[in-house]
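Novice: Sharing a structure below in structure tokens format, with a few things to ask.
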Amino acid sequence: KLFEAPATGLAPNEPLVVRVSACRVFCRFLTAVNDDALKEELLLNRGVLASLGSLIGDADEELLHLCLECLCLIVKQSPSAMVKVDKDLAPLILQIWRRCAADPMVHMQVLDLVSCAVGSDPRLQVSLEEGLIPTVVGDLQPSAEPHLASSAIELLGVLLKRATLPFSPQIWSCAAPLVTMAMQSDESGLLQNACETLVLLVKRSPQQVLEGGLLEPLLRLVEHLLGPDLEDNACLYVGPFAMLLFANFGQMLPGTLKVGLLRALVTRLARAELPYLRQELVVVFARLLHEDTNGALMALAGIEVASRAGLELLLSTWLGYAKEIRARSARNITVSALCRLHECCKDPQLSGLRLTVAPDRLLPQLLLETIVAGLEFENDRCRRLKDMPADEDDDDDDDDDDDDDGEGDKPKCSKFLSDLIDMEDFEDDDSDISGAGDTFQELERQDPLASIDLQKVTADYLASRAEECQAFSPDLAKRLMQAVLEARSQSRRLQ
């Protein structure tokens with residue numbers, strides 16, 4: 001009876017205030033009831049879904065947020081009921097999508113709803129593909145407004161995450177218009193969304209990219225993103241996108257094409273201003289050094305950019321910005337790559353190289369300085385994580401906090417933003433049950449280099465280079481030994 005009352009209160013003939021209250025109560029009860037048959041009875045035969053659809057049609061902005069939350073909850077709790085009305089779901093989503101095109105909050109809620117639906121039942125995935133893809137294709141035509149195209153690309157990305165493989169002809173029909181739209185655009189938001197969606201497409205079905213003749217257009221798009229006409233925000237995600245293409249198709253690319261891409265990457269890195277873009281472009285070169293150190297060095301040595309040797313320009317930029325690379329995955333890949341690069345410094349061409357970033361020191365010394373600084377950062381990070389106070393349960397102390405005059409007592413937990421730099425260490429990879437996790441984070445997690453123990457790798461490497469370091473600088477050698485000893489001490493305490 002309690003469950004039926006809010007279902008009745010949602011009826012269109014009830015006052016709006018009653019319907020809103022009933023909507024809230026129904027959602028609370030829905031999560032507490034385990035009777036699937038009762039849920040379906042109320043949702044379908046007692047008209048709850050029809051009443052909710054009517055309420056959405058009349059809703060203002062604030063009420064629409066509530067209705068979308070309720071609809072998303074219904075999809076999670078009773079996907080079988082939604083399957084029975086699946087032909088009505090896509091038109092309702094499109095109605096809200098068009099009606100609130102300029103509202104970013106509603107926009108995000110609609111994406112969450114689609115993600116939840118396609119993750120709840122494969123039949124909803126098929127139904128939403130059939131209902132939404134024609135609109136997506138229409139919004140990717142050259143005459144479409146940029147903000148509509150950008151939104152359509154985001155919606156396509158959500159559908160791609162759960163689409164069956166190989167992609168259906170309907171899904172694949174979006175690929176060429178998407179690349180064409182990105183090639184003709186200089187809008188930052190659109191190009192960021194395009195990179196993310198294309199990364200999903202390539203990662204999930206690289207064979208279709210080859211068979212569908214999409215590789216050449218994708219390479220041209222990378223060239224467009226790296227070109228001089230776009231601002232940093234527009235090509236923010238070109239690094240992961242380019243690296244994915246290298247990883248999947250690098251062996252098939254002609255040597256001249258590879259060199260051309262490397263030249264474009266070095267050129268963009270040299271003039272990039274945003275720290276994230278610099279970091280991701282450096283990661284591309286670091287990954288290439290891991291995969292084929294000699295081949296990458298030979299290719300870079302033959303490149304000239306703005307009357308400077310490509311290798312010298314890359315290393316000057318990389319080592320000059322090394323201290324800014326603070327994301328865990330990027331640190332792991334880049335610092336370990338510097339260890340590998342230092343191993344190659346027996347080559348006279350590298351051992352005698354001087355960089356514009358520090359012309360008074362040779363490359364081997366600069367590499368050791370950067371690796372030592374990297375280990376010092378890892379040691380400091382581990383100390384801060386160890387000393388970070390455990391979260392305390394404040395739920396029962398709210399009243400006490402209101403009466404606290406702030407004198408004499410230390411705060412329970414005070415942190416600077418820098419103290420939270422590696423909270424990603426505690427992230428649960430399984431926390432994203434809807435499948436709507438960040439595409440680039442998922443790509444990073446799948447990279448074996450992203451999960452190495454960088455503290456151990458760098459400590460072991462530097463321990464074998466202590467004598468060489470002493471020859472360069474006694475002060476640097478002292479820092480090296482202190483960093484190695486601290487790293488090993490921390491490692492023993494954790495065992």
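Novice: For segment 455-464, does any single residue satisfy the condition of being aromatic (Phe, Trp, Tyr), assigned to a helix (DSSP H, G or I) and open to solvent by less than 50 Å² (accessible area, probe 1.4 Å)?
Specialist: yes
Novice: Something else: Of all residues being in contact (Cβ under 8 Å) with a residue 40 or more places away in the chain and of a type in the set (Asp, Glu) in segment 59-88, which is surrounded by the fewest Cβ atoms within 10 Å (Cβ to Cβ)? Just the residue, please.
Specialist: Within segment 59-88, the match that is surrounded by the fewest Cβ atoms within 10 Å (Cβ to Cβ) is 61.
Novice: Here's another thing I want to ask about it. For segment 125-184, which residues satisfy the criterion of being part of a helix (DSSP H, G or I) and polar (S, T, N, Q)?
Specialist: Once the filter is applied, which keeps residues that are part of a helix (DSSP H, G or I) and polar (S, T, N, Q), segment 125-184 yields 125, 127, 135, 150, 151, 170, 180.
Novice: If I filter segment 32-46 for residues that are touching a residue at least 24 places away in the same chain (Cβ under 8 Å) and of a type in the set (Gly, Ala, Ser), do I get at least one hit?
Specialist: The answer is no; no qualifying residue exists.
Novice: Return the residues of segment 314-368 that are part of a loop (DSSP other than H, G, I, E, B) and among the aliphatic types (A, V, I, L, M); say none if nothing qualifies.
Specialist: 325, 327, 353, 355, 357, 358
Novice: Looking only at segment 158-167, how many residues end up being surrounded by fewer than 19 Cβ atoms within 10 Å (Cβ to Cβ) and either within 20 Å of residue 240 (Cβ to Cβ) or touching a helix residue (DSSP H, G or I) at 6+ places or on another chain (Cβ under 7 Å) (or both)?
Specialist: Total satisfying the criteria: 2.
Novice: Of the conditions (1) modelled with pLDDT of 90 or more; (2) surrounded by fewer than 19 Cβ atoms within 10 Å (Cβ to Cβ), residue 45 satisfies every one except a single condition; which number is it?
Specialist: Result: residue 45 fails condition (1) only.
Novice: Mind telling me which of the residues 206, 240 ends up being surrounded by 15 or more Cβ atoms within 10 Å (Cβ to Cβ) and within 16 Å of residue 285 (Cα to Cα)?
Specialist: Selected residue: 240, the only one of 206, 240 that is surrounded by 15 or more Cβ atoms within 10 Å (Cβ to Cβ) and within 16 Å of residue 285 (Cα to Cα).
Novice: Return the residues of segment 91-149 that are hydroxyl-bearing (Ser, Thr, Tyr), under 24 Å from residue 191 (Cα atoms) and open to solvent by less than 70 Å² (accessible area, probe 1.4 Å); say none if nothing qualifies.
Specialist: Hits for segment 91-149 are 115, 135.
Novice: Next question. Does residue 239 qualify as being more than 23 Å from residue 325 (Cα to Cα) and out of contact with any Gly (no Cβ under 6 Å at 6 or more places or on another chain)?
Specialist: no
Novice: For segment 300-313, name all the residues that are part of a helix (DSSP H, G or I) and touching a strand residue (DSSP E or B) at 6+ places or on another chain (Cβ under 9 Å).
Specialist: Scanning segment 300-313 gives 300, 301, 310, 312, 313.
Novice: Just checking, which of 19, 24, 28 is open to solvent by less than 20 Å² (accessible area, probe 1.4 Å) and either modelled with pLDDT under 90 or of a type outside the set (Val, Ile, Thr) (or both)?
Specialist: One residue alone meets the criteria, 19.
Novice: If you don't mind, another one. If we keep just the residues of segment 256-296 that are within 18 Å of residue 217 (Cα to Cα) and surrounded by fewer than 15 Cβ atoms within 10 Å (Cβ to Cβ), which is farthest from the chain's Cα centre (by Cα)?
Specialist: 256
Novice: Any chance segment 369-384 includes a residue that's in contact with a His (Cβ under 8 Å, 6 or more places away or on another chain), assigned to a helix (DSSP H, G or I) and in contact (Cβ under 8 Å) with a residue 24 or more places away in the chain?
Specialist: yes
The values are calculated or read from the model by the stated rules, or taken from the named source; none is laboratory data. This is a predicted model, so every value here is computed, not measured. Here the Cβ is made from the backbone with ideal geometry for all residues, glycine too, and neighbour counts use every protein chain on show. To get the accessible areas, we keep the full protein, side chains included, count just its heavy atoms, and leave off ligands, DNA and RNA. Shrake-Rupley method; radii C 1.70, N 1.55, O 1.52, S 1.80 Å.
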